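Heads up, the thing below is written out as structure tokens.
The values are calculated or read from the model by the stated rules, or taken from the named source; none is laboratory data. Since the model is a prediction, treat every value here as computed from it, not as a measurement. Heads up, the Cβs are rebuilt from the backbone with ideal geometry, glycines too, and the neighbour counts pull from every protein chain shown. Quick note on the areas: whole protein, heavy atoms, side chains included, nothing else; ligands and nucleic acids left out. Shrake-Rupley method; radii C 1.70, N 1.55, O 1.52, S 1.80 Å.
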Amino acid sequence: MSEYFSLEGRILACTGLALAVGTTLPWLGIYLGLGPRLSWIAGLLLGVILIIVLIRLALSPLTTTLKSLQNGLLNFRDGDFSISLVPPRDVELQQITNLYNEIGEHLRRERAHIYQRELLLDTVIQSSPQALILVDQSEHIIYSNSSAKKLLNEGRPIQGLLLKKLLPNSPKEIASAIEHWEDGLFNYSDSNGTHSMHIGNSTFVLNAHKHRLIVLREMTKELTRAEVEVWKKVIRLISHELNNSLAPISSLAHSGKMLIAKPDKSAALEKVFDIIAERCKHLTEFTQGYASFAKLPPPSCREVNWRELIERIAPLQEFSLKGGLPEHPGYFDPIQIEQALLNLIKNSREAGSNSLDIELAISTDGLGQKLVITDRGCGMSEKILQQALLPFFSTKEQGVGLGLALCREIIDAHGGRIQLLNRNGGGLQITLWLPWAAEPTPKG
């Protein structure tokens with residue numbers, strides 16, 4: 001009968017039946033001689049009991065369906081969308097269970113779609129040459145890719161480890177950059193040689209908690225490829241400049257030869273020689289900049305008094321000395337390091353920094369000597385930062401791009417490292433690190 005009546009109809013039918021029985025029983029009791037009062041009391045009690053029993057029977061499909069829905073929703077909460085409900089005979093309850101099953105099927109498809117996308121994304125990230133590390137608020141590593149494991153832990157898993165416990169096993173330059181949240185380009189050395197690395201830090205909120213994403217990008221191969229392209233560009237540039245100067249010189253020389261035979265043309269001949277001299281001077285200045293970079297001699301290292309070094313640089317470029325000078329003398333080629341410092345201070349001024357904001361700090365320890373130049377100029381974008389040490393790369397309209405590249409060559413020749421970082425609040429920090437026992441790097 002239940003499939004032909006609605007839930008409300010069944011309840012009303014059961015109630016009517018119980019009332020009919022409840023009102024009939026007292027007359028039956030009177031007929032049997034139980035007395036009116038006792039008969040009515042017994043009839044009402046039996047009617048109420050019958051109403052309760054019949055209503056419970058009528059509500060049984062609803063109770064069963066609600067219990068199934070409750071269990072199904074608990075499974076949804078736990079992320080289990082695999083349970084489907086068997087539709088009851090009641091039409092109204094069928095609509096509810098069918099809707100539940102449709103929602104479950106939709107959630108199953110959505111989760112499968114998300115899983116496939118996550119799998120694809122994880123495959124791409126794991127195969128990326130960039131090292132990616134995701135750290136939560138408690139400094140635990142909650143995600144990393146294969147490049148990060150190889151770089152920081154010799155390929156062993158690092159997920160779940162504390163970041164600070166992992167850093168001692170990493171190259172010290174990388175560990176220091178990660179520990180101090182430094183963004184920039186720096187060099188480090190291992191058994192495979194010297195590498196250039198770019199590091200970037202970013203923060204974002206995930207599941208109401210703050211997370212830190214660290215991205216480390218190996219730049220050595222890219223810099224090498226870029227240098228080859230730059231050298232090709234330089235060769236074309238030099239060829240173009242030489243042709244632009246030698247062609248008119250050749251023409252002027254021919255004209256001068258014709259004017260020698262004409263004594264009355266001495267003024268014109270003198271002008272020809274002046275133009276030739278001017279073009280030769282231009283060529284000399286043009287080639288000297290490249291020659292200073294290409295013919296950098298091996299460093300002649302010796303002990304250097306820090307105060308004397310500062311006194312030689314101060315009249316040439318304005319800057320402030322931050323902190324005191326080490327008591328122990330430095331050990332490097334003073335001419336080359338002086339040239340590197342002058343180039344860097346000049347770059348800071350040309351980047352828009354006030355001379356009072358350009359500071360030089362010098363410190364030493366048992367491993368080496370560190371010279372840090374800071375300014376409050378315009379800094380560098382990430383794209384420029386990645387190319388700043390390339391020869392002949394320049395953002396200046398009239399620049400030839402040899403200043404930072406020459407500094408890099410000087411520091412590399414000393415067996416040291418150079419690091420470029422953007423400062424909080426604007427400006428740039430350039431760190432030069434030199435070992436005590438300098439091992440000159442052979443030039444290719």
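One table, with the values for the structure above:
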{"read-out": "Low-density loop positions, GluC sites (Glu not before Pro), region 78-118 - DSSP coil, at most 11 other Cβ in 10 Å", "value": "none"}
{"read-out": "Protection proxy ranking, peptides 196-209, 158-171, average beta carbon neighbours within 10 Å, highest first", "value": "158-171, 196-209"}
{"read-out": "Of Lys150/Lys210; Lys164/Lys210; Lys165/Lys322; Lys165/Lys210, pairs whose Cα-Cα distance is over 23 Å", "value": "Lys150/Lys210; Lys165/Lys322"}
{"read-out": "Listed peptides 357-364, 176-183 by packing density, highest first (mean Cβ within 10 Å)", "value": "357-364, 176-183"}
{"read-out": "Amide H contacts under 5 Å for Gly379, placed H, 5+ residues apart", "value": "Gly427, Leu428"}
{"read-out": "Accessible surface of region 295-352 [probe 1.4 Å, protein heavy atoms]: carbon and sulfur percent", "value": "49"}
{"read-out": "Accessible surface of region 87-194 [probe 1.4 Å, protein heavy atoms]: carbon and sulfur percent", "value": "55"}
{"read-out": "Theoretical gain in end-to-end length, Asn201 to Lys67 [0.36 nm per residue, Cα-Cα removed]", "value": "43.2 nm"}
{"read-out": "Inter-site label distance for Glu139 and Glu92 at 7 Å from Cα along Cβ, in nm", "value": "6.2"}
{"read-out": "Using θ = phi - 60° and Karplus 6.51 cos²θ - 1.76 cosθ + 1.60, couplings along region 431-436 (whole Hz; Gly, Pro as x)", "value": "10, 10, 10, 10, x, 5"}
{"read-out": "R0 of 22 Å, Cβ-Cβ distance Ala112-Ile83: FRET efficiency to nearest 0.05", "value": "0.85"}
{"read-out": "Approximate spin-label separation Ala267-Asn75, in nm, with each point projected 7 Å along Cα-to-Cβ", "value": "10.8"}
{"read-out": "Alpha-carbon centroid distance for the pair region 309-327 / region 417-433, whole angstrom", "value": "18"}
{"read-out": "Accessible area, probe 1.4 Å, largest first, for residues Phe273, Phe319, Phe332", "value": "Phe273, Phe319, Phe332"}
